[in-house]
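The structure under discussion appears below in the form of structure tokens.
FYI, it's all coordinate maths here, none of it is from the lab. Every value quoted in this text rests on a predicted model; they were computed, and no experiment measured them. All Cβ positions, even for glycine, are placed from backbone atoms using ideal geometry, and neighbour counts span all protein chains on display.
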Ligand SMILES: NC(=O)C1=CN([C@@H]2O[C@H](COP(=O)(O)OP(=O)(O)OC[C@H]3O[C@@H](n4cnc5c(N)ncnc54)[C@H](OP(=O)(O)O)[C@@H]3O)[C@@H](O)[C@H]2O)C=CC1
Ligand SMILES: O=C1O[C@H](COP(=O)(O)O)[C@@H](O)[C@H](O)[C@H]1O
């Protein structure tokens, strides 16, 4: 087997004392190290205001990766690559000290001046940090330097543009890696492979053979500790603007002429441009918002959204959204793309179901309305894999067809939102592959569409709560498909 490229790099984490660093970034760097995807020539610099020392950071790093370590592994060597630097991103003197530290580490670890600046901090700091990095010449090293930006990228199109302008005045587009962690998921990356490596799917991948596509991302958790962020965001900004529209783009794009970052992005952008804009009336008919009330999940009583925190008592924020998208291009004209996502639903699952059109007359159905259309399910999580729903005769008695499934499950016990996605994305960033990061044009087009819906909703207070915790959302989300003669497939 070929040895993976082992980049030499200093990774600078802004917000190293925070939740994301602890839960995702440290474990991911460790896995890269374990898997031989990072050379010994690396260092990680953790920045935040807290008065930690190198030792405290190293203890935290070791604690965060606890379970991933096998007993015979030497964690000491790994954590010795981590350095802490107390830092206030709003204070100019911090940046001067950082330059000095980076130069020392570059000498010590021979990292050839390659730098990743990972902004694991509240988004209101992104612009300031990018500009200060430029002002103090920190992005101008002997090697390459790249900026990784977490979500949310803006609150709407206008603020996203403003943020983008700030960042672009310091970094070029090809130095900017906007994270969408869904693009690091194994089965999201597999969408292209399933489509473009299989004639039996790609030849049928159009409005002649597909009746509708459904994308569901349901969560059991509520807002947990993130009430302040979430209430200012809602399900549409939190999940649709980024993860769901990215999956839509990958599912519907034309085959790129080659598998390069630019060609793939260019095809994704065309899909986002082809989403039919909706007027106020159409939005009311084809987008449903919801907010969870109290209910029961796994036998336990759970409170309503408005009861989760004091500041949510009168909230009009949607914790659920379902909608119908229409794509105005030759391949997809007339095929509804249904999306839905929400918190406190029945189960945790992200699944794409492609429903194929029926044959003109099925000799094997019991009754006229007893349809078992062929379904291709792409199971993003959990149980990553694909299933293909066909009809066959199961027993030798009778001539009727019954639904059967061909299933392929990836042997990945990764669970949900695990470091694997971040591990892949960090590695891609280190090797300079931006394919699985979002380009500004994709961000802008997604905001434009989402803004049109949120604009209409902001004019009217909703009648919330309108779905029970532990359910699959408001009834209106089911009616949305029923009007078209479809129903949501189980996820
Ligand atoms: N947590 C998660 O699972 C996810 C997070 N994200 C995004 O990642 C980013 C970080 O989130 P998260 O880790 O949860 O946030 P936290 O609030 O847990 O961490 C924020 C970090 O910023 C540091 N900080 C705050 N102010 C300053 C300052 N003036 N100067 C230097 N450091 C500062 C804090 O450290 P200190 O107080 O010591 O200064 C802390 O390390 C956000 O953009 C979030 O939206 C995205 C997806 C998932
Ligand atoms: O970006 C986000 O995603 C998570 C869901 O991610 P998953 O990998 O667990 O499916 C969501 O809970 C969170 O609100 C949102 O900010």
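Brief remarks on what is shown
- With a Förster radius of 30 Å applied to the beta-carbon distance between residue 200 and residue 328, the computed FRET efficiency rounds to 0.65.
- Cα shape, the stretch 9-150, gyration tensor, a/c 1.5 rule: prolate
- Placing a label point 7 Å from the Cα of residue 19 along the Cα-to-Cβ direction, the residues of the stretch 332-361 whose backbone N falls under 20 Å of that point are 342-345, 348-349.
- Counting neighbouring Cβ atoms within 10 Å and putting the fewest first, the residues 262, 428 line up as 262, 428.
- Zero-based 10 Å bins, Cα pair distances in the stretch 83-143, whole percents: 20, 56, 23, 1
- For 24, 483, 258, 8, order by how many other beta-carbon atoms lie within 10 Å, fewest first: 258, 483, 8, 24
- Exposure proxy order (Cβ contacts within 10 Å, fewest to most) of 218, 396, 28: 396, 218, 28
- Cα gyration tensor category, rounded, prolate or oblate, for the stretch 239-287 with a/c compared to 1.5: prolate
- Whether the chain is rounded, prolate or oblate, judged on the alpha carbon gyration tensor where a/c under 1.5 counts as rounded: prolate
- Taking every DSSP helix (H) stretch of at least 4 residues in the chain, weighting each as -39,500 (n - 2.57) and dividing the sum by the residue count yields a mean residue ellipticity at 222 nm of -9500 deg cm²/dmol.
- Spin-label proximity, residue 125 to the stretch 71-93 - amide N less than 15 Å from point 7 Å beyond Cα toward beta carbon: 84-93
- For residue 484 and residue 162, a Förster radius of 56 Å and the Cβ-Cβ distance give a FRET efficiency of 0.90, rounded to the nearest 0.05.
- You can think of it this way: the chain between residue 104 and residue 53 has 16.6 nm of extra reach, that is 0.36 nm per residue less the Cα-Cα gap.
- Taking the centroid of alpha carbons for each part, the stretch 14-78 and the stretch 158-224 are 28 Å apart.
- Distance (nanometres) between label positions extended 7 Å along Cα→Cβ at residue 298 and residue 6: 4.0
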